[in-house]
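Working notes, beginning with the structure itself.
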Amino acid sequence: MQYHLARLGRSLGYKVWIAQNDHKRQWNNRALGEWSLPVLPPLNVPKAASDTISFIDVLWLDAEDGIVSAFEVEKSTSIYSGILRLHDLALSLNHPECHLFLISPDTREREVQAQLLRPSLQQDKIRNLSYVLFSDLRCDCDAMCKYGRSVEVLDKITRKPAAGGAASEVS
């Protein structure tokens, strides 16, 4: 999923950061770090926040090194830990335009919905948090790379939990 996100981010004209601990991981015989900036640019946040942010799975940055989007891929680890890293980012940057995404296997959708409906996550700073299922990203990545112009290309495959736990697509 990091590969798809990195490829999509680059095709949209963003700089891409892949979590520092994943730079050597391989996909299609290429290190994921080949898709990434070698070093995360300074973010003007406290060091503790910067250290946490550097482990977010994928970041898209604009020409001025501002974070446009952040992605946490939660294949087998705790959904809540990914949400917490994204929440820390939102609080540290105080940048309401930053789009925050969990990328989840289809089989974990209910767990993602339950976590996103927690009262502590219903604050203003985390309202830009939504999720994308693996199947949707895999299926639509090529088309989004070809036709997309900005992060908004993800709107058609992005989901937010609705009250009561049913997923609703954002369009």
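Of the residues ALA31, ALA49, only one is among the aliphatic types (A, V, I, L, M), farther than 24 Å from LEU121 by Cα, surrounded by 14 or more Cβ atoms within 10 Å (Cβ to Cβ) and at pLDDT 85 or above; which?
ALA31
Out of all the residues in region 8-42, which are within 21 Å of THR52 (Cα to Cα) and of a type in the set (S, T, N, Q)?
GLN20, ASN21, SER36
I need every pair where a residue in region 13-25 that is in contact (Cβ under 8 Å) with a residue 40 or more places away in the chain and surrounded by 17 or more Cβ atoms within 10 Å (Cβ to Cβ) has its Cβ under 7 Å from the Cβ of a residue that is small (Gly, Ala, Ser) and not in a helix (DSSP H, G or I), sequence separation at least 6 or different chains.
These pairs meet every condition: VAL16/SER36; TRP17/SER36; ILE18/SER36.
Could you list all residues from region 99-121 that are in contact (Cβ under 8 Å) with a residue 40 or more places away in the chain and more than 23 Å from TRP60 (Cβ to Cβ)? Write out each step before concluding.
Of all residues in region 99-121, those in contact (Cβ under 8 Å) with a residue 40 or more places away in the chain come to 99, 101, 103, 109-110, 112-114, 116-117.
Listed by number, the residues that qualify are GLU109, ARG110, GLN113, ALA114, LEU117.
Given (1) out of contact with any Lys or Arg (no Cβ under 7 Å at 6 or more places or on another chain); (2) under 17 Å from CYS141 (Cβ atoms), identify the lone condition not met by ALA70.
In the conditions (1) out of contact with any Lys or Arg (no Cβ under 7 Å at 6 or more places or on another chain); (2) under 17 Å from CYS141 (Cβ atoms), ALA70 misses (2) alone.
Taking the conditions exactly as written (on the phi < 0 side of the Ramachandran plot and modelled with pLDDT of 95 or more), does ALA70 satisfy them or not?
Taking the combined requirement at face value, the residue satisfies it.
What number of residues within region 65-79 satisfy the criterion of being under 14 Å from the mean Cα position of the chain (by Cα) and over 20 Å from VAL39 (Cβ atoms)?
As a first pass, look at region 65-79 and keep what is under 14 Å from the mean Cα position of the chain (by Cα): 67-75, 79.
In the following step, the residues that additionally are over 20 Å from VAL39 (Cβ atoms) were identified as 72-75, 79.
Summing the residues that are under 14 Å from the mean Cα position of the chain (by Cα) and over 20 Å from VAL39 (Cβ atoms) in region 65-79 gives 5.
The values are calculated or read from the model by the stated rules, or taken from the named source; none is laboratory data. All values reported here derive from a predicted model rather than from experimental measurement. Cβ: placed from backbone, ideal geometry, glycine included. Neighbour counts: every protein chain shown.
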